[in-house]
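The values are calculated or read from the model by the stated rules, or taken from the named source; none is laboratory data. Just so you know, these numbers come straight off a predicted model, no measurement behind them. Note that each Cβ is placed from the backbone with ideal geometry, even for glycine, and that neighbours are counted across all protein chains shown. Just so you know, the surface numbers come from the protein's heavy atoms only, side chains and all, with ligands and any DNA or RNA stripped out. Shrake-Rupley method; radii C 1.70, N 1.55, O 1.52, S 1.80 Å.
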Amino acid sequence: MTTSSSERGVSLGMPQLPAPAYPDDVRARLEADAREVIARYPDSRSALLPLLHLVQSEEGHVTRAGMRFCADMLDLTTAEVTAVATFYTMYRRKPSGDYQVGVCTNTLCAVMGGDAIFESLQEHLGVGNGETTDDGKVTLEHIECNAACDYAPVVMVNWEFFDNQTPASAKRLVDDLRAGQPVEPTRGARLCTFKETARILAGFPDERPGAVEESGGAGPASLVGLRLARGEAAPARVVHPRGGPHEEPQDRVHEPSPAEHLSSHDAPQDTSASDPAHPAGPTAEEGE
């Protein structure tokens with residue numbers, strides 16, 4: 001007796017059915033927004049990236065219906081839209097949480113504690129990379145560089161910065177997110193949901209009172225080099241080799257206040273707990 005390919009679980013490679021269309025009321029609303037976006041560009045296909053954010057704001061990820069909508073609005077093929085939507089990591093391809101928690105695990109954040117933070121959050125939340133908690137609140141993922149090395153290790157929630165994190169502070173952060181507690185980023189506007197963030201990234205204004213003023217700019221640590229170049233900052237603290245002679249007079253050494261952000265060369269810091277049992281820095285002279 002033989003079994004069919006379907007009974008054996010073998011795919012015959014049949015093509016998917018055409019992507020479903022949005023309901024009429026949803027499509028009408030999205031079309032009005034899409035035309036506003038498209039009008040900003042001399043070439044309509046240049047609007048594809050913001051349109052993908054727009055459809056992502058509708059369902060929390062880029063669906064086949066969303067890609068079909070973008071193709072229709074821009075006179076592209078669905079293959080062209082799919083190629084872009086699957087290339088950029090900011091576009092989600094499956095349902096996920098209200099808050100995307102991204103832990104930087106690139107070089108500096110990793111050695112300053114990013115790896116430890118990511119591992120502790122996986123255990124604390126009971127999810128793996130790219131997975132979402134059962135309550136639908138948090139999606140956890142590791143991110144390759146948040147461009148905030150001067151505040152390492154950094155966690156981002158819906159693309160807002162949470163600087164100088166530790167495993168303990170990151171766990172408090174996700175617990176507050178899941179409990180619906182107000183959470184304030186280190187820099188930037190107060191958090192909104194991922195869908196709301198996607199609409200802002202599509203190019204529509206953040207209409208929350210005061211949110212634009214809260215967005216701010218670079219933090220003090222990011223501007224130290226610029227201030228030095230302009231001659232505006234006090235001399236940087238001299239960091240002598242461990243165990244080496246202090247060749248500079250003590251009155252030439254700038255001791256930073258507690259509010260100043262120290263260089264990563266001053267690790268370990270209280271904010272960098274990559275391995276509490278083995279603090280960074282040699283314990284003996286080289287070769288001993």
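The number of residues in region 126-149 that are open to solvent by 50 Å² or more (accessible area, probe 1.4 Å) and over 21 Å from S96 (Cα atoms) comes to 3. Annotation: T133 fulfils all but one of (1) over 18 Å from R190 (Cβ atoms); (2) under 17 Å from the mean Cα position of the chain (by Cα); the unmet one is (2).
Out of region 46-74, which residues are of a type in the set (A, V, I, L, M) and not in a helix (DSSP H, G or I)? Matches in region 46-74: V62 only. The number of residues in region 136-151 being over 20 Å from G180 (Cα atoms) and of a type in the set (G, A, S) comes to 2. Would you be able to say whether some residue in region 171-193 is farther than 26 Å from V212 by Cα and open to solvent by less than 40 Å² (accessible area, probe 1.4 Å)? No, region 171-193 contains no residue that is farther than 26 Å from V212 by Cα and open to solvent by less than 40 Å² (accessible area, probe 1.4 Å).
Among the conditions (1) free of Cβ contacts under 8 Å to residues at least 40 places away in the same chain; (2) outside the structural domain of T132 (by the TED database); (3) hydrophobic (A, V, I, L, M, F, W, C), F162 misses just one, which is (2).
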